[in-house]
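*Asks:* For reference, the structure I am asking about is given below.
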Amino acid sequence: MSTSVELHVTRGARFEFWARRKPAESEAEYADEEVFALRTGERIVYRIAALPPYFQFYTYTHHADGPLTLEWDENVIEITLFYRYDPADVAEEGVTFLELKGDRLVARPKEAWPAWYQSDPDRPQLRFSPFQAWMNDPNGLCFIDGRYHLFYQFHPTEAEWGPMHWGHAVSDDLYRWTHLPVFLHPEQNLWSLGATGGAFSGSAFIGPDGRLSFYYTERLPAYDLFKDYKEVQKHVLPSADLLRPEVNSLVLVDGPPGSAHDFRDPKVWYDSNSGAFRMVLGAAIDGDPAVLLYGSKDGADWKFLAVLYRAPEHFRRHGARCVECPDFFELDGRFVLVMGFVGFTEPETGRHNLLYAQLGSFEDDRFTPLTPALQELDFGTDFYAMQSFRAKERQIAFAWLFNWEFRKPAGSPYSGELSLPRVLGLDGELRLTMLPEEGYRTLRSRVLTQASPGHFVCEPGQPLEVSLVGALDGIRIVGRGGEGESFTIAHRAERLQVSVAEDTGEIEYHSTPLTLENLRLFFDRGVLEIFANDGAVCGTRRTYKITTLTALELIPSAATRIDACEAWSYHSVWRD
Ligand code: FRU
């Protein structure tokens, strides 16, 4: 039994989708021509002859004029992600998401995205999240021809991690995003192999000739999540419209002695001192998390140069398996190394998923830290896989708001979100600072009203910001929703602490000691990002329990003195 709809498409329109035979129907008989077909009049221009029980990627480009008829058998085909676009205007219009719903085809062009995003009470409104399915790390961040490009780790067929692709979106301002077609696919169909792996994290590289390319890791078909896999590095030259890889070459296969299966997440730059290319990679050396340094004269032939950083034994002892997503860049005359140690649990607090930074100098391919101590980048731990890039003379970073501790309630059409864009800097004590890129101000809608001093009335579902300056030691800030406390931030025992409704107390989320001079917080349907002391201390938490605030309360201690206070309600970045 097939259903058909008429589509109005232009010449050159392209369809992409991921489909399989519905599990319950795997053994059922069906007529091939009815599973999925596209016709112009009587002529079949595209047909799936046999649908496998595992997901597969399908694509069709319409090179004819005239209307197109889509036919499908809803009892047999399961399509997860499905979209169409016109390459000529996709950079502005984005893709149109499609959904086969019974005997209807629901189209969601860009105009329909605000309703889609706002209808989910747990979906952040100031931040990027995928239209549907799973995302993790930001990848390939760059600023090209006046626009920001975001690529991201993406699993198109469900809201869980799986065979990795690169999703793609573009923005004029780092806040409002337009969804573009998937950019990178795994080398081969991993669903058919029952394997994981695929196009893992990587970054953009703008060469001395101004040409954009990407370096990334391919994890080859893997049958174990934690060992015995192979990771190789690849180089991609994108098509002129940046919609697809034009050339994709394997550039690095084997790690140095002492390294093992973890060998990933390249970040490449051009080192003008040596007149050559440099790459950092996350790995482990004899079991210690490490950052490897590679060099190349042409960007294609890479040689191992040195271990740029090796983590002290403490990290391995407490579970760290390797470095992930190393970032290495120059900032105000210093070099900054940022990295995550996957598997590490801090014994004192129970926190995991921490990111660290270290400042130093980089000469003759040696990184010399200013001090051996690592700076904890975000005490809330829902800020991982940070990647930064240079644009308009600023170093801008995004990270993935997730720490594997809690997740969106089952049934959510998507998982994973990005932080606010953060501008990186160094303070007087040579700490890396992170502050939200100032475009957020244009999204403010109105000042929050106060029921009584320090008691703000929130607009349910709208993002909010509260900013305080003063002698803030001892302050407590409580966000409340209908069902109770969503979060509490407290300055106690010299540290900033944060808890959310899910917490049992087993893990302690607190900062290093500080005298609290200013604090800016953003709450957005369950995402809490805190920037204290001009961004020297940041804390990010994602709660899925109480995501709608009705009230926010400032509770000063006897020692607290608030000199200035601003509180704003925000528009959604996904509004029309
Ligand atoms: C970090 C990470 C990277 C890897 C990617 C795979 O979250 O594990 O090391 O490239 O995610 O999705």
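*Asks:* How much mean residue ellipticity at 222 nm does the chain get from its helices, if each DSSP H run of length 4 or more adds -39500 (n - 2.57) and you divide by all residues, to the nearest 500 deg cm²/dmol?
*Replies:* Values: 5 runs with 23 residues, N = 576.
So the helix-based figure for the chain works out to -500 deg cm²/dmol.
*Asks:* Using the 10 angstrom Cβ neighbour count as an exposure proxy, how do VAL280, VAL336 rank, fewest first?
*Replies:* VAL336, VAL280
*Asks:* Among the listed pairs LYS110/LYS545; LYS234/LYS267; LYS267/LYS297; LYS267/LYS408; LYS267/LYS303; LYS230/LYS408, give every one whose C-alpha distance is greater than 22 Å.
*Replies:* Exceeds cut-off: LYS110/LYS545; LYS267/LYS408; LYS230/LYS408.
*Asks:* Right, next: From the Cα gyration tensor of region 3-108, with a ≥ b ≥ c the square roots of its eigenvalues, which class applies: rounded if a/c is under 1.5, or else prolate if a/b is larger than b/c, or else oblate?
*Replies:* Here region 3-108 falls in the prolate category.
*Asks:* Let me ask something else. Any chance you could run the full-extension gain for VAL5 through LYS22? It's 0.36 nm times the residue separation minus the Cα-Cα distance, nm to one decimal.
*Replies:* So the extension gain works out to 4.0 nm.
*Asks:* Using the Cα centre of region 3-108 as the reference point, and only Cβ charges (+1 on K/R, -1 on D/E), how large is the resulting charge dipole? Debye, rounded to the nearest 20.
*Replies:* Computed charge dipole of region 3-108: roughly 220 debye.
*Asks:* I want the local charge near ARG407. Using Cβ-Cβ distances under 10 Å, sum +1 for each Lys or Arg and -1 for each Asp or Glu among the other residues.
*Replies:* 0
*Asks:* Which one of SER203, GLY299, VAL336 has its Cα pushed farthest toward the positive end of the charge dipole of the chain, where Lys and Arg give +1 and Asp and Glu give -1 at the Cβ?
*Replies:* VAL336
*Asks:* Label points 7 Å out from Cα along the Cβ direction at GLU506 and SER249: separation in nm?
*Replies:* About 5.0 nm, to one decimal.
*Asks:* Given the Cα-Cα distance of GLU483 and CYS565 and 0.36 nm per residue of separation, how much length would full extension add, in nm?
*Replies:* Gain in length upon complete extension: 26.8 nm.
*Asks:* Follow-up. From a point 7 Å beyond the Cα of ALA551 in the direction of its Cβ, which residues of region 453-483 have a backbone N at a distance under 17 Å?
*Replies:* Residues 453-461, 476-483 fall inside that zone.
*Asks:* From the C-alpha coordinates alone, can you work out the Kirkwood hydrodynamic radius of region 342-470, in Å? Show your work: numbers first, answer last.
*Replies:* Working: mean 1/r = 0.0554 Å⁻¹.
By the Kirkwood definition, the hydrodynamic radius is 18.0 Å.
*Asks:* Let me ask another. How long are the three semi-axes of the equivalent ellipsoid for region 259-304, computed from the Cα gyration tensor as the root of 5 times each eigenvalue, in whole Å, largest first?
*Replies:* The three semi-axes for region 259-304 are 22, 9, 8 Å.
*Asks:* Here's a follow-up. With a ≥ b ≥ c the root eigenvalues of the C-alpha gyration tensor of region 516-576, is it rounded (a/c under 1.5), prolate (a/b larger than b/c) or oblate?
*Replies:* Because a/c hits 1.5 or more and a/b exceeds b/c, region 516-576 counts as prolate.
*Asks:* Taking the alpha-carbon set of the chain, what are its Rg and Dmax in Å?
*Replies:* 24.5, 81
*Asks:* Return, ordered by residue number, the residues of region 542-560 whose backbone nitrogen is under 17 Å from a label point located 7 Å along Cα→Cβ of ASP120.
*Replies:* Zone members listed by number: 542-548.
*Asks:* Something else: Treating only the Cβ atoms of Lys and Arg (+1) and Asp and Glu (-1) as charged, compute the dipole magnitude of the chain about its Cα centre; round to the nearest 20 debye.
*Replies:* Numbers: 56 positive and 83 negative charges, 94 e Å.
The calculation lands at about 460 debye.
*Asks:* Something else: Mind checking the dipole of region 442-570: about its Cα centre, +1 per Lys or Arg Cβ, -1 per Asp or Glu Cβ, Debye to the nearest 20?
*Replies:* Details: 12 positive and 17 negative charges, 43 e Å.
Charge dipole, region 442-570, about its Cα centre: 200 debye, nearest 20.
*Asks:* Separate question: Would you list ILE77, ILE562, ILE489 from fewest to most Cβ contacts within 10 Å?
*Replies:* So the residues, fewest neighbours to most, are ILE562, ILE77, ILE489.
*Asks:* Could you check the simple spin-label distance between GLU348 and ILE144, using points 7 Å along Cα→Cβ, in nm with one decimal?
*Replies:* A separation of 4.4 nm, rounded to one decimal place.
*Asks:* Here is a follow-up. Pick out, in residue order, every one of the GluC sites (Glu not before Pro) in region 1-107 that is DSSP loop and has at most 11 other C-beta atoms within 10 Å; say none if there are none.
*Replies:* On the way: sites: GLU6, GLU16, GLU25, GLU27, GLU29, GLU33, GLU34, GLU42, GLU71, GLU74, GLU78, GLU92, GLU93, GLU99; in loops: GLU27, GLU29, GLU42, GLU74.
Of the GluC sites (Glu not before Pro), the ones in loops of region 1-107 whose Cβ has at most 11 other Cβ atoms within 10 Å are GLU27, GLU29, GLU42.
*Asks:* Continuing with this model, one more query. In straight Cα distance, which aspartates and glutamates are under 13 Å from LYS22, not counting same-chain residues fewer than 8 positions off?
*Replies:* Within reach: ASP73, GLU74, GLU78.
*Asks:* Now for a separate question. Name the shape class, rounded, prolate or oblate, that the alpha-carbon gyration tensor gives for region 89-224, where a ≥ b ≥ c are the square roots of its eigenvalues, rounded holds for a/c under 1.5, and otherwise prolate holds if a/b is larger than b/c and oblate otherwise.
*Replies:* oblate
*Asks:* May I ask which residue of ALA501, LEU521, GLY461 lies farthest towards the positive end of the charge dipole of region 442-570, with charges of +1 (Lys, Arg) and -1 (Asp, Glu) on Cβ and the Cα centre as origin?
*Replies:* GLY461
*Asks:* If I histogram all Cα-Cα distances within region 442-570 using bins 5 Å wide from 0, what percent of pairs lands in each bin?
*Replies:* 2, 11, 23, 25, 21, 13, 4, 0
*Asks:* Can you give the extra length, in nm with one decimal, that the chain gains between GLU393 and ARG211 once fully stretched, where that is 0.36 nm per residue apart less the Cα-Cα distance?
*Replies:* Net length gain for the segment: 63.7 nm.
Here, each number is a calculation from the coordinates, and none is a lab measurement. This one's a predicted model, so the numbers in the text were calculated from it and none came from an experiment. Here Cβ is always computed from backbone atoms with ideal geometry, including for glycine, and neighbour counts include all displayed protein chains.
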